[in-house]
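Report on the following structure.
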Amino acid sequence: MSLLKRIGATPGEAAATPAARPGGSTAAPRAPTAREDDTFNEIKLRVQNRLINELDPKLDLSNKARVRKQVEDAFQAILDGESIVLTRSERQRMFESIEADIIGLGPLEQLLADAEISEIMVNGPKQIYIEKRGKLIKTDVTFSNDEHVLRIIDRIVAPLGRRVDESSPMVDARLPDGSRVNAIIRPLALNGPTITIRKFRKDKLTIHDLVRFGSMSQDMADFLGACVKARTNIVVSGGTGSGKTTLLNVLSNFIPEDERIITVENAAELQLQQDHVVSLESRPPNVEGRGEVTIRDLVINSLRMRPERIIVGECRGGETLDMLQAMNTGHDGSMTTIHANSPRDAVGRIETMCLMAGMDLPARAIREQIASAVQLFVQQSRLKDGSRKVTQITEVSGMEGDVVVMQDIFVFEQTGIDERGKIVGQLRPTGVRPKFIEKFETLNIFLPPNIFGSGDRFSF
């Protein structure tokens, strides 16, 4: 019998209801109707509200097994006390939903558990999208209302000492597994509380994975690995969601174990494998508007921490000038990411962000800083079919007049689209041999012959 018909029934009446078809066969399960779903949600909300009121407000959520037992006992007591009769599957579904709301992230729990989902986008309570294999898909998962979404946002940001309210309607945070979270609420978000979660991969990618996925060729992988070992200053550029942080993580694996690395991020995402790593994270202002620590503050402070390499998760403001100065003053092998659609665009972006540092520098002086600090741009792109590739590896070779001179070493050339809608192309060398390659030999770093496709026979 449906949940709707069973609500007003006593336990005895429910037990007397036949549960099998004539002949003893069990009735096939069917999807609940919209009316039954509404009734289910109404009961669930009533039970959940009472459960929240009865549980200890200082419940220690760190011991999940103990909390689950307390929630389960209280849940059973409320169902018995109100004579609410549910089938086993309905009871299980309601308990799991309530448990997720009380000690988890509510409707988002099932999406976070799906390893194929890379991003979750909550556009108000009734519209949730996911990214899976590079494609955006609308889900049938929903929240009850705005307040439901706000509760989940509070559960994410509270352990980090952050808040979201009308006076501070935007917040960056991270989940315990490292996934990056951005939340923005009314009055700025007109559709209702909005959450964007960039999921954290549990399996750490290697350069071999990127080659296997077709994100780069083996020659590109060998070259980039050699550049990191040889302490080349690298900027990974690309658009939003193109995989810049993932590539930065992979490149960091080539840093030798005996070097001291300082990482600086807004929300800690980098997963460096080395032992000697100091991770720094910026901090927003408190309720009184005080106590803010910016990325720029941390980059400046990191210079006093005896770093051998500085890795900034993303340069987006005045800290860019400090990063360039660090690259120019004995911290070779430092790396960062920047939002840009091409290496040439990245130079312009760096120039603009250096001006945000508040120093009245002439354009030529900034370009000279870029030309002497950055040796390599690696362009990461998300293509129209959802795939992510390294589309350019470009050397900064100096200055000519007022212009930063650049030359492509590897490029991706699109040749067409196959019957499945996948972009077809090739990652190829341009034949250009980078100027900094000479120092590879002194460091006993050897690259395959003809890696740059020039036809020259050499090995380093």
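The values are calculated or read from the model by the stated rules, or taken from the named source; none is laboratory data. Here the structure is a predicted model, which is why all the values come from computation and not from measurement. We place every Cβ from the backbone using ideal geometry, glycine too, and count neighbours over all the protein chains shown. Ligands, DNA and RNA are excluded from the accessible area calculation, which covers all protein heavy atoms including side chains. Shrake-Rupley method; radii C 1.70, N 1.55, O 1.52, S 1.80 Å.
Under a plain spin-label model, where a point goes 7 Å from the Cα along Cα-to-Cβ, how far apart in nm are GLU42 and ASP345?
For GLU42 paired with ASP345, the spin-label model returns 5.3 nm.
Of HIS276, PHE440, ILE423, which is farthest on the positive side of the dipole of the chain, counting Cα position, with +1 on Lys and Arg Cβ, -1 on Asp and Glu Cβ, and the Cα centre as origin?
Farthest along the dipole direction, towards plus: ILE423.
Using the charge dipole of the range 117-247 (Lys, Arg: +1 at Cβ; Asp, Glu: -1 at Cβ; taken about the Cα centre), state which of SER118, ILE184, VAL171 has its Cα farthest towards the positive end.
Result: SER118.
Can you compute the charge dipole magnitude of the chain about its Cα centre, using +1 on each Lys and Arg Cβ and -1 on each Asp and Glu Cβ, nothing else charged? Give it in debye, rounded to the nearest 20.
800 debye
Helix-derived [θ] at 222 nm for the chain: sum -39500 (n - 2.57) over DSSP H runs of at least 4, divide by residue count, nearest 500?
-10000 deg cm²/dmol
Could you look at the chain and say what percent of its accessible area is carbon and sulfur, using a 1.4 Å probe and all protein chains?
Answer for the chain is 50 percent, counting heavy atoms of protein chains only.
Of the labelled options [x] 22.8, 68; [y] 27.5, 92; [z] 31.9, 102, which one gives Rg and Dmax of the Cα atoms in Å as computed for this structure?
Looking at Rg and Dmax of the Cα atoms in Å for this model, the match is [y].
Say the dipole of the chain comes from +1 at the beta carbon of Lys and Arg and -1 at that of Asp and Glu; which of ILE310, VAL228, GLY134 then lies farthest toward its positive end?
It is GLY134, whose Cα lies furthest towards the positive end.
Let's see if you can work this out: charge +1 on each Lys and Arg Cβ, -1 on each Asp and Glu Cβ, no other charges. What is the dipole magnitude of the range 219-357 about its Cα centre, in debye to the nearest 20?
So the magnitude is around 240 debye.
How compact is the range 345-460 by the rule of thumb for globular proteins, expressed as Cα Rg over 2.2 N^0.38 Å?
Output field value: 1.32.
Zone of LYS202 (label point 7 Å along Cα→Cβ, backbone N under 20 Å): which residues in the range 226-246?
246
Can you work out the accessible area per residue across the chain, with the rest of the protein chains kept in place, probe 1.4 Å, in square angstrom?
51 Å²
How much length, in nm to one decimal, is gained on full extension between GLN273 and ALA158, taken as 0.36 nm per residue of separation minus their Cα-Cα distance?
38.6 nm
Based on Cβ point charges of +1 for Lys and Arg and -1 for Asp and Glu, what charge dipole magnitude is obtained for the range 155-231 about its Cα centre, in debye rounded to the nearest 20?
Dipole magnitude for the range 155-231 comes out near 200 debye.
May I ask you to list the lysines whose Cα is less than 29 Å away from that of LYS389, ignoring any residue fewer than eight positions away on the same chain?
LYS132, LYS135, LYS138, LYS199, LYS202, LYS204, LYS229, LYS244, LYS422, LYS435, LYS439
Could you derive backbone 3J(HN,Hα) for the range 245-262 from the dihedral phi with the Karplus parameters 6.51, -1.76 and 1.60 (θ = phi - 60°), listing whole Hz in sequence and x where the residue is Gly or Pro?
Values per residue, Gly and Pro as x: 5, 4, 5, 4, 4, 5, 5, 5, 5, 7, 5, x, 5, 8, 10, 8, 10, 10 Hz.
Compute the FRET efficiency between ASN450 and ASP80 as 1/(1 + (r/R0)^6), taking r as their Cβ-Cβ distance and R0 = 60 Å, and round to the nearest 0.05.
E(calc), rounded to 0.05, equals 0.20.
How much length, in nm to one decimal, is gained on full extension between LEU355 and GLU259, taken as 0.36 nm per residue of separation minus their Cα-Cα distance?
31.4 nm
On a C-alpha basis, how far is the centre of the range 60-124 from the centre of the range 156-211 in Å? Whole number, if you could?
After rounding, the separation between the Cα centres reads 21 Å.
Provide the per-residue ³J(HN,Hα) series for the range 68-78, in order, calculated from phi with Karplus coefficients 6.51, -1.76, 1.60 and θ = phi - 60°, each as a whole number of Hz, with x at glycine and proline positions.
With coefficients 6.51, -1.76 and 1.60, one gets 4, 5, 5, 5, 5, 5, 5, 4, 5, 5, 5 Hz.
Multiply the residue separation of ASP73 and VAL424 by 0.36 nm, subtract the distance between their alpha-carbon atoms, and state the gained length in nm to one decimal.
My answer for the length gained is 120.7 nm.
Quick one: Cα centre-to-centre distance for the range 229-254 and the range 129-144, in angstrom?
What the calculation gives is 28 Å, centre to centre.
Got a sec to turn the phi values of the range 360-366 into Karplus ³J(HN,Hα) couplings, 6.51 cos²θ - 1.76 cosθ + 1.60 with θ = phi - 60°, whole Hz, x for Gly and Pro?
With coefficients 6.51, -1.76 and 1.60, one gets 7, 9, x, 4, 5, 5, 5 Hz.
Would you calculate the separation in nanometres between label points at LYS229 and LEU136, each defined as 7 Å from the Cα along the Cα-to-beta-carbon direction?
Modelled inter-label distance: 4.2 nm.
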